[in-house]
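K.L.:
After the structure tokens below, expect a handful of questions from me.
We did not get these values from a lab; they are worked out from the coordinates using the rules stated. What you see is a predicted model, and the numbers here were worked out from it, not measured in a lab. All Cβ positions, even for glycine, are placed from backbone atoms using ideal geometry, and neighbour counts span all protein chains on display.
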Amino acid sequence: MLAPAVHAQANPALLGDKTAFIDDLMRQMTVDEKIGQLRLVSIGPDMPATKLADEIAAGRVGGTFNSVTRKDNRPLQDGAMRSRLKIPMFFAYDIIHGHRTTFPIGLGLASSWDLDVVATAMRTAAEEAAADGIDMTFAPMVDISRDPRWGRTSEGFGEDPYLVSRIAEVSVRALQGERKPIAADRLMASVKHFALYGAVEGGRDYNVVNMDPQRMYNDYLPPYRAAIDAGAGAVMVALNSINGAPATSNTWLLQDLLRKEWGFKGLTVSDHGAITELVNHGVAQNDNEAARLAMKAGTDMSMADQVYISQLPGLIQSGKVAQQELDNAVREILGAKYDMGLFKDPYLRIGRAADDPANVNAESRLHRADARTVAQQSMVLLENRNAALPLKKGARVALVGPLADSHLDMLGSWSGAGVDKQTVTLRQGLEAAAGKGKIVYARGANITEDKHIVDYLNFLNWDDPEVVQDKRSPQAMIAEAVQAARHADVVVAAVGEARGMSHESSSRTQLTLPDSQLALVLMNGRPLDLNWARENAAAILETWYTGTEGGNAIADILYGDVNPSGKLPITFPRSVGQIPSYYNHSRLGRPFTEGKPGNYTSQYFEEPNGPLYPFGYGLSYTDFSLSGVSMSQATMKADGRVGGAPGEGIEGLPQGAAAAGRAKGSALHHRQQGAQVL
Ligand code: BGC
């Protein structure tokens, strides 16, 4: 039976007119019902599903996150339909690089330099999530990162304001679709983390951000702006402070910049627990002051903490928070629900019970073909000496390394509803491509032998640890790998970071591979220090975390069925000491100039300047030779352009650069302007 189309108590005749509809509804709401709308909660040990449904029915919740099936969400929406005004819930989740099907992490998607590839991943994620009854995703994550120590570098799209802005735009359009209200098979995008979260000091998560306006406006703000201009319905406010003022209580950020300067008309959502954290930041004495500051600044909805629901009734009564300020926030939340199509049909994405999938993880719900093609485009060939790659299908391969057969690590960080067992590991991919007999697998090493790191990565779930140690001694594992290598034509080593090492709250001081490994196929979520690998491995393929079809896609590249085409969206420094590392540096009075020691130019004296692998770098299996290159003219005006002779040079990127060509050309254009080597 079709779920009855249930409207809020507001006049259904007004449904076609957003402002009139919301005005009418707001007139009927009590102060408590309004405050209830500001609360975004998650099912958890202190909030079991039945208690949550009761809270919703009492009008004390506006939306939930982390419940990800129609079956879970339906009783919660039923709760809303029992509330006095029947205002629907919305259901949110972190769908960052896929939902049931996992696509490559952000850095991988960006390495494709192909907006169609990004759109495929985002559209598919939206369709799968909407089919699970989800109305909003906390994505895209568009924080610029120039500091690979920061674990969340993996989630974003790299260092370049232009590339990340284009990806932000295309992601929002793919997630939300073009229709308004948003169609049943799409969801609302909540761009994050506003703002500048990628610039936390020292790459330490949750740290302070101090930044001058020029860098802010030129480099770090454009991607958020691009997402908003593309119509993102919501913005997640960052956990960090900006020049001393936490984003959550930052009136300049949330009102002057976001609403007045940029004209944003949607919903702002706090990050997890950020309002109560204003006390830790030292700007509020207690929760009461925290609620007042966040509300006045314009943080509409409070995620996970109970500060609004507990403090706002008193603050409104005493007049410390004006009724108008509360109304502004409520209006945005109702507006978002209207734009999600939930007033017309609260069950728009939840659908009918009769249509629920028997198994939410059914194979038939996955989009494996898309996952494979997207992953193929997301890998970057960093080295390939003596044409070590592609491998011959007849070659005997010794496959070693702790990531070679790890289902979980294929998923990468923030893998949402992805199921580890449904991923194809590199071992499975190679065996499928070349035949089992050709591949001899030996683990060779654990991710690390450092117990402290293993404990850190497993702290979330001791019962089901992410990093499972092989109990054999390091020597025994290496001996097995050496034995495998002896009988092989080639060694493929899959090494890098366990997925938890490139994650929220996983900042690192070292970018080296954990001690126990050598390198060839890399799986990791940040630029790593690859000096040793560069010297010692014949070929290096950066795969990032490739998702559900990763093993097959990597095999496609290794065996040359697909030509690697990814380019780095982020600089790989030579050492931690070079951080921050990025290509678009401001000009200097004394830029680094190669020459005699101590020549008083900007440099470090103990290692070569410039990165190990620059932004935009990436090889393919094709050799190119350029000849007879000439410029179209010898001089140009300040606002002019100089191209190559027709068909040559930067303006004439080979047609093979295909869809990536536009973005690529533009990044090169940036580099031409800032030609100082730093
Ligand atoms: C993260 C956000 C995420 C939220 C909800 C926070 O810890 O910073 O990016 O959206 O949790 O899961």
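K.L.:
Please compare each pair in LYS34/LYS337; LYS438/LYS567; LYS421/LYS567; LYS34/LYS260; LYS51/LYS71; LYS192/LYS567 to a cut-off of 19 Å on the Cα-Cα distance and tell me which ones are over it.
P.N.:
LYS438/LYS567; LYS421/LYS567; LYS34/LYS260; LYS192/LYS567
K.L.:
To the nearest 0.05, how large is the calculated FRET efficiency for ASP561 and ASN11 if R₀ is 56 Å and r is the Cβ-Cβ distance?
P.N.:
So the FRET efficiency works out to roughly 0.40.
K.L.:
Right, another one. Relative to the first principal axis of the alpha-carbon coordinates of the chain, what is the inclination of helix 323-339, with its axis defined by its Cα atoms, in degrees from 0 to 90 and to the nearest 10?
P.N.:
Approximately 60 degrees, to the nearest ten.
K.L.:
Another question, if that's okay. Report, for region 366-578, the % of DSSP beta bridges that are antiparallel, rounded to 5.
P.N.:
In region 366-578, DSSP labels about 25 percent of beta bridges as antiparallel.
K.L.:
For region 366-578, take every pair of Cα atoms, bin their distances at 5 Å starting from 0, and report each bin as a whole percent.
P.N.:
Over region 366-578, the share of Cα pairs per 5 Å bin runs 1, 7, 15, 21, 22, 17, 11, 5, 1, 0 percent.
K.L.:
Starting from the Cα-Cα distance between ALA432 and ALA479, subtract it from 0.36 nm times their residue separation and give me the gain in nm to one decimal.
P.N.:
14.3 nm
K.L.:
Relative to the longest principal axis of the C-alpha atoms of the chain, give the angle of the C-alpha long axis of helix 18-28, reported between 0 and 90° and rounded to the nearest 10°.
P.N.:
50 degrees
K.L.:
Given charges of +1 on the Cβ of Lys and Arg and -1 on the Cβ of Asp and Glu, with all other atoms neutral, how large is the dipole of the chain about its Cα centre, in debye to the nearest 20?
P.N.:
Dipole magnitude for the chain comes out near 800 debye.
K.L.:
On to the next question. Please give, to one decimal in nm, the separation of the simple spin-label points placed at ALA20 and GLN306, each 7 Å out from Cα toward the Cβ.
P.N.:
4.2 nm
K.L.:
With θ set to phi - 60° and the Karplus curve 6.51 cos²θ - 1.76 cosθ + 1.60, what are the ³J(HN,Hα) couplings of region 396-407 in order, to the nearest whole Hz, using x for Gly and Pro?
P.N.:
Taking θ as phi minus 60°, the curve returns 7, 10, 8, 9, 10, x, x, 9, 5, 9, 9, 4 Hz for region 396-407.
K.L.:
Which of the aspartates and glutamates could be linked to LYS18 by a straight reach, that is with a Cα gap under 14 Å, when you skip same-chain ones fewer than 8 residues away?
P.N.:
Within the straight-line cut-off, LYS18 pairs with GLU332, ASP339.
K.L.:
Counting only DSSP beta bridges with both residues in the chain, what percent are antiparallel, rounded to the nearest 5?
P.N.:
25 percent
K.L.:
Ok, one more. Taking the simple approach of a point 7 Å from Cα along Cα-to-Cβ for both SER620 and ASN286, what is their distance in nm?
P.N.:
6.5 nm
K.L.:
Once the principal axes of the Cα atoms of the chain are found, what is the range along each, listed largest first in whole angstroms?
P.N.:
Principal axes ranked by extent give 74, 62, 49 Å for the Cα atoms.
K.L.:
Continuing with this model, one more query. FRET efficiency for MET47 and GLU261, Cβ-Cβ distance as r, R0 = 35 Å, nearest 0.05?
P.N.:
FRET efficiency, MET47 to GLU261: 0.40.
K.L.:
Can you compute the FRET efficiency between ASP229 and ASN536 using 1/(1 + (r/R0)^6), with r the Cβ-Cβ distance and R0 = 56 Å? Round to the nearest 0.05.
P.N.:
0.75
K.L.:
If each residue of separation counts as 0.36 nm, what is the full-extension length gain between ASN218 and VAL31 once their alpha-carbon separation is subtracted?
P.N.:
63.1 nm
K.L.:
If region 219-367 were replaced by its equivalent ellipsoid, with semi-axes equal to the square roots of 5 times the Cα gyration tensor eigenvalues, what would those be, largest first, whole Å?
P.N.:
Gyration-tensor ellipsoid for region 219-367: 31, 20, 17 Å.
K.L.:
Hey, if you put +1 on the Cβ of every Lys and Arg and -1 on every Asp and Glu Cβ in region 395-444, which of GLN428, ILE439, SER413 ends up farthest toward the positive end of that dipole?
P.N.:
Checked the options; the winner is ILE439.
K.L.:
Identify, among ALA537, THR593, MET636, the residue whose Cα sits farthest towards the positive end of the charge dipole of region 514-645, taking +1 on the Cβ of Lys and Arg and -1 on the Cβ of Asp and Glu, with the dipole about the Cα centre.
P.N.:
MET636
K.L.:
Right, something else. Residues with amide H under 5 Å of VAL490's amide H, sequence separation 5 or more or different chain, H placed in the peptide plane at 1.01 Å from N; which?
P.N.:
Here the answer is ARG396, ALA398, since their amide H atoms fall under 5 Å of that of VAL490.
K.L.:
If I fit a long axis through the Cα atoms of helix 661-673 and take the longest principal axis of the Cα atoms of the chain, what angle between them do I get, 0 to 90°, rounded to 10?
P.N.:
80 degrees
K.L.:
Here is a further query. Working out 0.36 nm times the residue gap between ALA245 and SER364, then minus their Cα-Cα distance, what length gain in nm do you get to one decimal?
P.N.:
Working it through step by step, the gained length comes to 38.0 nm.
K.L.:
So, by mean Cβ neighbours within 10 angstrom, what's the order for 163-170, 207-214 with the highest one leading?
P.N.:
Listed from highest to lowest mean packing, they are 163-170, 207-214.
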